[in-house]
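These notes concern the structure reproduced below.
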Amino acid sequence: MTTQPRHFIDLPDIDPQVIKGIVQNAHRLKAKKFCPPQLFSGLSLAMVFDKRSTRTRMSFEVAMKQLGGHTIPMTMAEMQITGSESVEDTANVLSRYVDAVMIRMSDHDTLLNLAEHASIPVINGLTDHSHPCQIIADIVTIEEKRGDIQGKKIAWFGDYNNVARTFEHAGKIFDFELTLAVPEEQHANALSPEDAAKDADVIVTDTWVSMGEEGKGTEKFAPFKVTMDTMAHAKDDALFMHCMPIHRGYEVCDDVLQSKHCVIYDEAENRLHAQKAILAWCLGESGVKIQQHSFDL
Ligand code: CP
Ligand code: NVA
């Protein structure tokens, strides 16, 4: 009997206890930079990009290398899949070389198709549908600043996009409240900015123009720009978060970014710790095991 690879593609498709365990391991891994030592020794991660990236590319690469593994980054344009090679053949061949593949691409169905034909774990590094690696890092950030995320109020501002949708997925697993200050045509539960932000623990936003949407109109998002007035509706110690890259003066004002609320660089750093924990779970079938005593060096 062959075991199914541990794909990390969409949070609702993974056992909630596994996802909670990944968050806990990310907290532990943050405390110890090179620990457990050589956890990924001899293991290789292919990183395939069909879109730009700074954080995802860097954090996966450093995560593998700090724990003794290797990475092979490629753009899709460099691969035969951009010519005539099928997704199925690409998945089968990659599975013979590397231990896991992380992919960033627009079309979610293509990523699912690739995963279906892969015998190694496939990690979703962002599609137009979702960005689960980001949300693991965001939960780690909220918990390290404010404790258990259960029962917290997170207010999403701006465009209802791939990151917003993944926050919705996470809300059901971690039992936090997610309010949406987005144009009403984007979501049945859209609220006014004031109602969404009221007494929130976290205000979070993202670009109004995701990769691949260049040229789309942004006027409808203007009422959902995050300003110090927005923050005033939230709790006094509310966090401001953004997955980055930021477009200052559009989705968020400079004074919010310079305020005590802003935790964007901790959030970006936590991508590194989150990637380690995600990889450790995905590579579990390759013999990687994290146990509490692994951290007691
Ligand atoms: N937040 C995020 O995924 O950043 P990159 O696009 O730089 O990877
Ligand atoms: N919503 C953004 C996130 C970038 C990390 C995008 O898809 O471009």
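FYI, it's all coordinate maths here, none of it is from the lab. Source: prediction; values computed, not measured. Reconstructed Cβ throughout: ideal geometry from the backbone, glycine too, with neighbour counts over all protein chains shown.
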Region 111-206, relative contact order in percent, only Cα pairs under 8 angstrom and at least six apart counted: 28 percent
Excluding ALA118 itself, what net charge comes from residues whose Cβ is under 13 Å from its Cβ, given Lys and Arg +1 and Asp and Glu -1? -3
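Relative to the present Cα-Cα distance, how much length would full extension add between LYS32 and GLU194 at 0.36 nm per residue of separation? Could you put the intermediate results ahead of the total?
Details: separation 162, 0.36 × 162 = 58.32 nm, distance 4.05 nm.
Full extension of this stretch gives 54.3 nm more.
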Mean ellipticity per residue at 222 nm, deg cm²/dmol - from DSSP H runs of n ≥ 4 across the chain, formula -39500 (n - 2.57): -11500 deg cm²/dmol
If packing is taken as the average count of other Cβ atoms within 10 Å, what order do 146-157, 83-94 fall into, highest mean first? 146-157, 83-94
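Arrange the peptides 159-169, 10-20, 221-231 so that the one whose residues have, on average, the most other Cβ atoms within 10 Å appears first.
On the way: 159-169: 21.4, 10-20: 15.1, 221-231: 18.1.
Per-residue Cβ counts within 10 Å, averaged per peptide and sorted highest first, yield 159-169, 221-231, 10-20.
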Specify the angular offset, from 0 to 90 degrees and rounded to the nearest 10, of the alpha carbon long axis of helix 16-31 from the longest principal axis of the alpha carbons in the chain. 90 degrees
Checking rank on 194-205, 47-58, with mean other Cβ inside 10 Å and highest first, the result is 194-205, 47-58
Run the numbers for ARG248 and THR218: contour at 0.36 nm per residue of separation, minus the present Cα-Cα distance, in nm. 9.4 nm
Taking Cα centroids, how far is region 127-149 from region 63-100 in Å? 26 Å
Net charge of neighbours whose Cβ lies under 14 Å from the Cβ of ASP266, counting Lys and Arg as +1 and Asp and Glu as -1: +1
Please work out, to two decimal places, the log10 of the ratio I(q)/I(0) at q = 0.08, 0.10 Å⁻¹ from a Debye calculation in which every Cα of the chain carries one identical scatterer. -0.34, -0.54
Contact order relative to length for the chain, counting C-alpha pairs under 8 Å separated by 6 or more residues, stands in percent at 22 percent
